[in-house]
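Take a look at the structure below.
The values are calculated or read from the model by the stated rules, or taken from the named source; none is laboratory data. Everything numeric in this text was worked out from a predicted model, so none of it was measured. Cβ: placed from backbone, ideal geometry, glycine included. Neighbour counts: every protein chain shown.
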């Protein structure tokens, strides 16, 4: 389905649709998320049965602060849509899409690991990339990049000019 | 004396009680292991030799590439992104460059697109050769390891001729490619295309009807099409189940709609099907490379003209390697102050990309490699997420391994071809 | 007994080492040299390939740049059977305890080559996730920079290590 048609069809159910650079993005509320994804998957003309990725972004100066983007594609029609949900800084919780799309499992664990977004109903919400005892969520904009002044398990890595090799 | 007096206990057969027979063993196949597929940790719950449950644990190669990208300019991002999935560096660079070009609203010149396709397809062959070498070695066919790396050396020579590096090239950049092909590169590629079909036939004669290879691969690691789509698996694993999904065909980029090639599928959904698909994909890639070489006969620019976007260097091969041409150095150092300032600004500040977000998928040797790029209008990326195919494919390992033997777990992971650099980024 | 260095005569050793040799006597010093030669000739590396450098290490071990010319044909999977650890690739924080454990499991004498800038100094990744140089965890004998180092560079590092083993070995 070409872009304009797709945008119209999606807009019929999810009113907030943005079209930019040939891509269609639908903005939904947290409570609407699972219903919206289910409709996108089950509607015959859309048939978005493949979830490519779940990504979180942190905009600390804006409300809502966290935005989670779901990239959906269709194996029959080969079109794409993005669904975005905004989450506030105080309550970064979201229902998990693992019941609808099992592939979301590790993507959601990564978003939890990097940003601290809690996916309710996830079968196994644990850290995936960072060690289990890590404190903090490093990809938030308020966290430093590290490599210097890093503390982990009692070790401390000073800045480059104060490092001496043993 | 403590004697178990339950009715099942037979003192002559200590394993006769039901409880002992149902005990499973949890084994850790730790991050360092003889399997050549990098630092993947598997927790296997075994009932004897059969796998009851399997949990892959990743993160042992987590490098923080995505966080680092937020602290570098857009062009420097290429050097980071290229090291994510380190066996297919051109694909990472291509996805990133195409995503940023979509944000900028520009298109690279046609010759640059042809060069991009050429190197990506050569990279696909190189990646499949490493897959063949390491999988063969893991399953015991050690000569295949030496053969695979022998052919790969020829390809790495071609890459070095064109980009200066054997791996992690930073060749495909925003706006085009950094340098045109030097003299002798087309001859080298043509020699490679002459040699390679015979070598693929050699691999087939060594492996395809080999009874040991068949025993270890045929019927092992079955993953049906519906399961694969539900789990998000793409690439040869999905095509082995009969689903002809290929981003080059479904959502073409970089001019792929103008090339003739087939999307290879099989119906067996097992490890042998994935092996056969990868060999055929090498042949299809060679077809595409031949078509690229035809299109490269006419000269043309390889970097976009817009001075606010193009990488300012004019590189050429000098006596000590690839560097800025002497004419260009004379120009910026002696002739034109503005050119020097412009070069300086482009290298330190770089491109300013309009605000927005883009998701761009490409077909890497392992599946759909997507780049989700968010810009806030500045000189640095705001958020870059690499949707790596191996990261998603590894989620399917428990489903494929359950009920099989431990040795089959190795065969299954080898057939998925995970690259831990992409999984952990 | 102090040893005087005769001008122009090179033994490949420093004055202190020559003095040590005299103290230990002819038999042990010859045995030292023989054992050091044997150790350097047949080092068995432990597979510790992590990232891109691992692929270059595999290329170095494959047919074109052959490592078995210098006795390193067998890459042992078990650290208990190896004496050289080539840390090839970026070491993440999660992998650091594993690295130390593998190093501890290797029997003496053991050597470590840190291959690539990521292993030597953190490389281009100065961030929270990468250990900024494995010499913060294990003692390193030879650093081979590069991203990734060419097979010839790795071979040069290995030959340097072998030279080091040959000339400074002490048989205990």
- Could you list all residues from the stretch C:65-94 that are within 21 Å of residue C:107 (Cα to Cα), without any contact (Cβ under 8 Å) to a residue 24 or more places away in the chain and within 8 Å of chain B (Cβ to nearest Cβ)? none
- Tell me which residues, restricted to the stretch C:99-111, are part of a loop (DSSP other than H, G, I, E, B) and touching a residue at least 24 places away in the same chain (Cβ under 8 Å). C:106, C:107, C:109, C:110
- Residues in the stretch B:395-408 that are under 21 Å from the mean Cα position of the chain (by Cα) and surrounded by fewer than 24 Cβ atoms within 10 Å (Cβ to Cβ) total 2
- Message: Looking for something buried (at least 23 other Cβ atoms within 10 Å of the Cβ), free of Cβ contacts under 8 Å to residues at least 40 places away in the same chain, within 14 Å of chain A (Cβ to nearest Cβ) and not in a loop (DSSP other than H, G, I, E, B) - is there at least one such residue anywhere in the stretch C:121-139?
- Response: no
- Note on the structure: Within the stretch B:396-412, the residues that are within 30 Å of residue A:138 (Cα to Cα) and in contact with a strand residue (DSSP E or B) (Cβ under 8 Å, 6 or more places away or on another chain) are B:397, B:398
- Message: If I filter the stretch B:138-148 for residues that are part of a helix (DSSP H, G or I) and surrounded by 24 or more Cβ atoms within 10 Å (Cβ to Cβ), do I get at least one hit?
- Response: yes
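Residues are listed down the side, and each one gets a yes or a no for (1) modelled with pLDDT of 75 or more; (2) outside any loop (DSSP other than H, G, I, E, B):
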residue: A:125; (1), (2): yes, no
residue: A:129; (1), (2): yes, no
residue: A:134; (1), (2): yes, no
residue: A:139; (1), (2): yes, no
residue: A:148; (1), (2): no, no
residue: A:156; (1), (2): no, yes
- State all residues of the stretch C:65-98 that are more than 14 Å from the chain's Cα centre (by Cα), part of a strand (DSSP E or B) and at pLDDT 85 or above; if no residue qualifies, say none. C:92
- Reported set for the stretch C:19-64 where residues are more than 8 Å from chain B (Cβ to nearest Cβ), in contact with a strand residue (DSSP E or B) (Cβ under 6 Å, 6 or more places away or on another chain) and in a loop (DSSP other than H, G, I, E, B) is C:43, C:44
- For residues that are within 11 Å of another protein chain (Cβ to nearest Cβ) and not in a loop (DSSP other than H, G, I, E, B), scanning just the stretch C:140-151, find the one that is farthest from residue B:87 (Cα to Cα). C:143
- Filtered residues of the stretch A:114-148 (kept if touching a strand residue (DSSP E or B) at 6+ places or on another chain (Cβ under 9 Å), closer than 16 Å to residue A:56 by Cα, surrounded by fewer than 21 Cβ atoms within 10 Å (Cβ to Cβ) and within 10 Å of chain C (Cβ to nearest Cβ)): none
- Message: Residue under question is residue B:328, and the condition is that it be in contact (Cβ under 8 Å) with a residue 40 or more places away in the chain and in contact with a strand residue (DSSP E or B) (Cβ under 9 Å, 6 or more places away or on another chain); does it hold?
- Response: no
- Note on the structure: Only one of A:49, A:31, A:42 is surrounded by 15 or more Cβ atoms within 10 Å (Cβ to Cβ) and either away from chain B (no Cβ under 11 Å) or closer than 23 Å to residue B:248 by Cα (or both), namely A:49
- the stretch B:232-244: number of residues that are crowded, with 23+ Cβ neighbours inside 10 Å and farther than 9 Å from residue B:363 by Cβ: 8
- Task: Would you be able to say whether some residue in the stretch B:376-390 is surrounded by 24 or more Cβ atoms within 10 Å (Cβ to Cβ), closer than 20 Å to residue B:43 by Cβ, within 13 Å of another protein chain (Cβ to nearest Cβ) and at pLDDT 90 or above?
- Result: yes
- Considering the stretch B:76-94 alone, what residues qualify as being more than 22 Å from residue B:41 (Cβ to Cβ) and in contact with a helix residue (DSSP H, G or I) (Cβ under 8 Å, 6 or more places away or on another chain)? B:77, B:78, B:80, B:81, B:82, B:88, B:89, B:90, B:91, B:92, B:93, B:94
- Query: Does the stretch C:112-120 contain at least one residue that is within 14 Å of chain A (Cβ to nearest Cβ), under 29 Å from residue B:155 (Cα atoms) and assigned to a strand (DSSP E or B)?
  - Reply: yes
- Qualifying residue in the stretch B:162-181 (condition: in contact with a helix residue (DSSP H, G or I) (Cβ under 6 Å, 6 or more places away or on another chain), crowded, with 19+ Cβ neighbours inside 10 Å, more than 14 Å from chain C (Cβ to nearest Cβ) and closer than 21 Å to residue C:54 by Cβ): no
